[in-house]
Amino acid sequence: MGAQAEFVGVSGVQGWARALWGMRGAQDRARLGSGIQRAQAFMVLATLLYRASHLVVGVLAVVPERLGDPTACPGTVAALAVSALVYGTALRDGWFDRRYVWADVLVTGCLLPLAAAASGGAREPGAFAWAMLLSTSASAVAAVALPGLWPVVVVAVLVATNLPGYLLARADAAVVTGHVNSLVWSALIAWVFWRYLCRQGCQLDEATERAVTAEAHKARYAERLEHHRALHDTVLATLTALAGGGIDGNDPRVRARCAQDAAYLRRLVEQTSGSEPRREIGAALEEAIRSAESLGMRVTARFHDLPAVPPKAAGAVGDAVREALNNVHRHAGTGHAYVTATGQPDSGDGVTVTVVDRGSGFDPERHVPGLGLRSSVHGRMAEAGGAALVEGAPDEGVRVELRWPR
Amino acid sequence: MAAVISVAVVDDDRMLLDGMASWLGGVPGIRLVAVSTTVDGLLAAAPAPRDGAGAAAPCDVVLLDLRLRDGSLPRDNIRRLLGAGSRVLVISTVPDRARVVEALRAGADGYLTKDNDLSTLVAAVEDIAAGRGAHSPELAFAWAHDTGPERPRLSPREEQILLDYASGMTLHSAARRAGISAATAKDYLDRVKTKYRQAGRPAHTKIELARRAREDGLDVY
């Protein structure tokens, strides 16, 4: 659904241009829009070319010869104007505006042939054939753009208003039959094309949706498997060993391992208690915390409302947290650190992470033992478009704040 | 006066009860007088006075598990224990934030996760027994990220102290960062607690609402 919303902004011009010149990569595919939108873009283009061929006839063949004809010049201009309106809006919005299509049917399809036949060319059907031609492209666009049985009505109206023109000129039965035939088949062919492309587009959209769902399912499965593996290696292994007996539960090593396993489970609950588990940032933090635990540190982690962030940002945050925890391990003189990660409600998908200890801290006025920390943490965050802040005071621990975006 | 603080534990995990008994057994100044898997059980079997003196008195502090398997509501459990004359420190394995917030609103004096050190637990019990109330980063975190509809309005200073304390800083460090004294920082946390308590009170009459507005400083014009 979210992906659908992104497609709405695709304009017709971009759409058909890409449909014609071919696509490059998944991003282009996404911008090109759904199957239906592609079908629409193609039909706008096809009927536009049809109309253009008729306008060319109108402009080239008629204007030089019949500048004296009172309807020829304004008639051609009217046809150009209405066509510009119909196709200009269709290219901009991706599809026809029905009101303009009706205007086209009435002006280009009905009034223009009648006026042309009634004024200059009444003596000879060939003289107003350019106007009759425009009527057939009006029939085609109506067949595509109007719903239900309206195209049939339009063809009937076009036949009914074009016939009097031929009658005035006393045209051959063959010419009249030929024109009616053109009106009907223009509509029919356009309609069949449109229905066919529509069906293909729908099938394409369904297939895409199925693929997306399958992909998401696969990702969830992989994540679950990952959790199961982690549980197997930690909690399950510990519990199994304890249940087997012969192990002293008060042994500090056993207790440390139990505490670590419990901390892992706690983080798992914290991460998944929100609306959706956020894989990137959650996994990055988990990795950093586990690597600190493997050094024998105790890490109290609290998460709230973790947002979805780009993998690069998540990686930078994870690396910076790891650096900060390493710094606690080396300099703070305490084996305990606090990691909190929260979404930033005001900036959408932002995240703030703090790494805090209650250790020996540093004196920012005198020397900066955290210089290495400062530069490495800053560097990593800045590269990914984030920011870092390192604060401390003697005997008051160190507070590292990481923000993304800046 | 260094009276011994009497403590009871209500938790449905027997292993935890046993562990608690041996943990608190070695702490001077604190005596574990009762353990139970339900609040009913605790109230029915009031602590036997070991000194042999008079009737059973309510213990000073009850450590209450947030989620009991008997399906009782934390809110009701807390009110009953308060009604019996004890103070309540809520404990849980995982900080279920909405419930933690609700427990404090219902009158609990503090909240700790069960993975804390003994020294932290003892300090909290002592603070609560002395009527000072206990603060903890996990409780501050629950308040700082409370998204419930009844969240009271906090001042920017209160928010900042709450967030910094929740991030693991000591109250002292959080105060230094904000440029205030540790005592003032604690005041801020106490104020947050009071606001939550008041948000938990039902307001029945217009007069009471007006009084509440005065208490909350809403009518400052």
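The values are calculated or read from the model by the stated rules, or taken from the named source; none is laboratory data. Everything numeric here is computed off the predicted structure, so don't read it as measured data. We place every Cβ from the backbone using ideal geometry, glycine too, and count neighbours over all the protein chains shown. Ligands, DNA and RNA are stripped out before the accessible areas are found, and what is left, the full protein with its side chains, is counted by its heavy atoms. Shrake-Rupley method; radii C 1.70, N 1.55, O 1.52, S 1.80 Å.
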- Task: Quick one: in the stretch B:102-114, of everything that is assigned to a helix (DSSP H, G or I) and open to solvent by 10 Å² or more (accessible area, probe 1.4 Å), which residue is nearest to the other protein chains (Cβ to nearest Cβ)?
- Result: B:GLU102
- Just give me the residues in the stretch B:166-191 being within 19 Å of A:HIS304 (Cβ to Cβ) and either more than 10 Å from every other protein chain (Cβ to nearest Cβ) or among the aliphatic types (A, V, I, L, M) (or both), in sequence order. B:ALA166, B:MET169, B:ALA174, B:LEU189
- Task: Within the stretch A:347-358, track down each residue that is open to solvent by 10 Å² or more (accessible area, probe 1.4 Å) and more than 16 Å from A:LEU306 (Cβ to Cβ).
- Result: A:ARG358
- In the stretch A:141-162, what residues are farther than 22 Å from A:ALA39 by Cα and touching a helix residue (DSSP H, G or I) at 6+ places or on another chain (Cβ under 7 Å)? A:VAL154, A:VAL155, A:VAL157, A:LEU158, A:VAL159, A:THR161, A:ASN162
- Message: I'd like the residue in the stretch B:138-158 that is out of contact with any helix residue (DSSP H, G or I) (no Cβ under 7 Å at 6 or more places or on another chain) and away from every other protein chain (no Cβ under 12 Å) and, out of all such residues, is farthest from B:ASP109 (Cα to Cα).
- Response: B:PRO156
- Please state which one of A:LEU146, A:LEU67, A:LEU85 is open to solvent by 50 Å² or more (accessible area, probe 1.4 Å) and either at pLDDT 90 or above or under 34 Å from the mean Cα position of the chain (by Cα) (or both). A:LEU85
- From the set of residues in the stretch A:255-294 that are β-branched (Val, Ile, Thr) and open to solvent by 30 Å² or more (accessible area, probe 1.4 Å), which is modelled with the lowest pLDDT? A:THR272
- Query: For the stretch B:82-101, which residues satisfy the criterion of being outside any loop (DSSP other than H, G, I, E, B) and touching a residue at least 60 places away in the same chain (Cβ under 8 Å)?
  - Reply: B:ILE91, B:VAL101
- Task: Exactly one condition in (1) more than 34 Å from the chain's Cα centre (by Cα); (2) in a helix (DSSP H, G or I) is not met by A:GLU287; state its number.
- Result: (1)
- Take the residues in the stretch A:302-334 that are in contact (Cβ under 8 Å) with a residue 12 or more places away in the chain and of a type in the set (Lys, Arg), then tell me which one is least open to solvent (accessible area, probe 1.4 Å). A:ARG302
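What about B:HIS135, is it in contact with a helix residue (DSSP H, G or I) (Cβ under 8 Å, 6 or more places away or on another chain) and either more than 14 Å from every other protein chain (Cβ to nearest Cβ) or open to solvent by less than 50 Å² (accessible area, probe 1.4 Å) (or both)?
The answer is yes for B:HIS135.
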- Scan the stretch B:115-129 and give yes if some residue there is under 20 Å from B:ILE30 (Cα atoms), in a loop (DSSP other than H, G, I, E, B), more than 12 Å from chain A (Cβ to nearest Cβ) and open to solvent by less than 10 Å² (accessible area, probe 1.4 Å), otherwise no. no
- Of the residues in the stretch B:79-96, those that are within 12 Å of chain A (Cβ to nearest Cβ) and open to solvent by 40 Å² or more (accessible area, probe 1.4 Å) come to B:THR93, B:VAL94, B:ASP96
- Could you look through the stretch A:300-346, keep only residues that are among the small types (Gly, Ala, Ser) and touching a Pro at 6+ places or on another chain (Cβ under 9 Å), and pick out the one that is farthest from A:ARG358 (Cα to Cα)? A:ALA313
- Message: If the requirement is being within 14 Å of A:HIS54 (Cα to Cα) and either more than 35 Å from the chain's Cα centre (by Cα) or open to solvent by 10 Å² or more (accessible area, probe 1.4 Å) (or both), which of these qualifies: A:GLY126, A:GLY109?
- Response: A:GLY109
